[in-house]
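To start, the structure under review is shown below, and the notes come after it.
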Amino acid sequence: MPGRAVYDYHARLHPDALRGARIGVLRPALVEQPEIAAVFAQAIAALRDAGATVIETRIPTEGQWEQDEQTLLLYEFKAGLERYLGTAKAPIRTLEQLIAFNHEHAAREMAHFDQDLLEQAARQAPSPIRPISPPAPAHDVLLVRRGSMPPCRQTDWMH
């Protein structure tokens, strides 16, 4: 393509680049599905074959903050999506319009995924006209104080 640089990543790969590397791996819940488990196992085997030490690990507080995180996501999702749609020159401007569009074109738009999160956000999210401050997730504050919440979560909402 004229005017575009072409970068050959494959030519720059080094077969021994992972030799001696230690790679921590979180086993996602999706691995419970046989097709995904097979691909996951192949990826781990490929890393080991390339010389890496693969260490399966877990987050000590796993399962303890998902509900608080979900609540914050739903509060912020509608306003953020509608802000984006307002700048995207899209014929759809609101979350409710998007949900209706998906229902009208369900065979195509929801062939692989449903829209439960969209509908939950529409029910929970306040109007963009009425700004909110979501309640401080006390449970997350406790996890931060104990030092057991991932650092990226600590800064997400504590400003």
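The values are calculated or read from the model by the stated rules, or taken from the named source; none is laboratory data. On a predicted model such as this, the values are computed, not experimentally measured, just so you know. Methodologically, a virtual Cβ is constructed for each residue, glycine included, from the backbone with ideal geometry; neighbour enumeration extends over all protein chains shown. Heavy atoms of the whole protein, side chains included, go into the accessibility calculation; ligands, DNA and RNA do not. Shrake-Rupley method; radii C 1.70, N 1.55, O 1.52, S 1.80 Å.
Please state which one of Gly86, Gly20, Gly80 is farther than 30 Å from Gln124 by Cα, among the small types (Gly, Ala, Ser) and at pLDDT 85 or above.
Only one candidate qualifies: Gly20.
Just the residues that are open to solvent by 100 Å² or more (accessible area, probe 1.4 Å) and of a type in the set (D, E, K, R), please, taken from the stretch 94-118.
Glu104, Arg108, Asp114
Of all residues in the stretch 26-84, count the ones that are under 30 Å from Asp16 (Cα atoms), in contact (Cβ under 8 Å) with a residue 24 or more places away in the chain and part of a helix (DSSP H, G or I).
Residues flagged as under 30 Å from Asp16 (Cα atoms), in contact (Cβ under 8 Å) with a residue 24 or more places away in the chain and part of a helix (DSSP H, G or I) within the stretch 26-84 amount to 1.
How do the pairs read when you match residues in the stretch 1-21 that are at positive phi with residues anywhere that are modelled with pLDDT of 75 or more, using Cβ under 7 Å and keeping only pairs 6 or more apart or on different chains?
Taking only residues 6 or more apart or on different chains, the pairs are Gly20/Gly51.
Can you tell me which condition Asp68 does not meet? The list is (1) closer than 30 Å to His14 by Cα; (2) surrounded by 17 or more Cβ atoms within 10 Å (Cβ to Cβ), and all the others hold.
(1)
With respect to Leu73, determine if the residue is hydrophobic (A, V, I, L, M, F, W, C), open to solvent by less than 70 Å² (accessible area, probe 1.4 Å) and out of contact with any strand residue (DSSP E or B) (no Cβ under 9 Å at 6 or more places or on another chain).
On the way: hydrophobic (A, V, I, L, M, F, W, C): yes; open to solvent by less than 70 Å² (accessible area, probe 1.4 Å): no; out of contact with any strand residue (DSSP E or B) (no Cβ under 9 Å at 6 or more places or on another chain): yes.
Here the answer is no, as Leu73 does not meet what is asked.
State all residues of the stretch 85-124 that are more than 28 Å from Gln67 (Cα to Cα), of a type in the set (A, V, I, L, M) and not in a helix (DSSP H, G or I); if no residue qualifies, say none.
Within the stretch 85-124, Ala88, Ala90, Ile92 qualify.
Return a yes/no flag: does the stretch 28-49 have any residue that is at pLDDT 95 or above and on the phi > 0 side of the Ramachandran plot.
no
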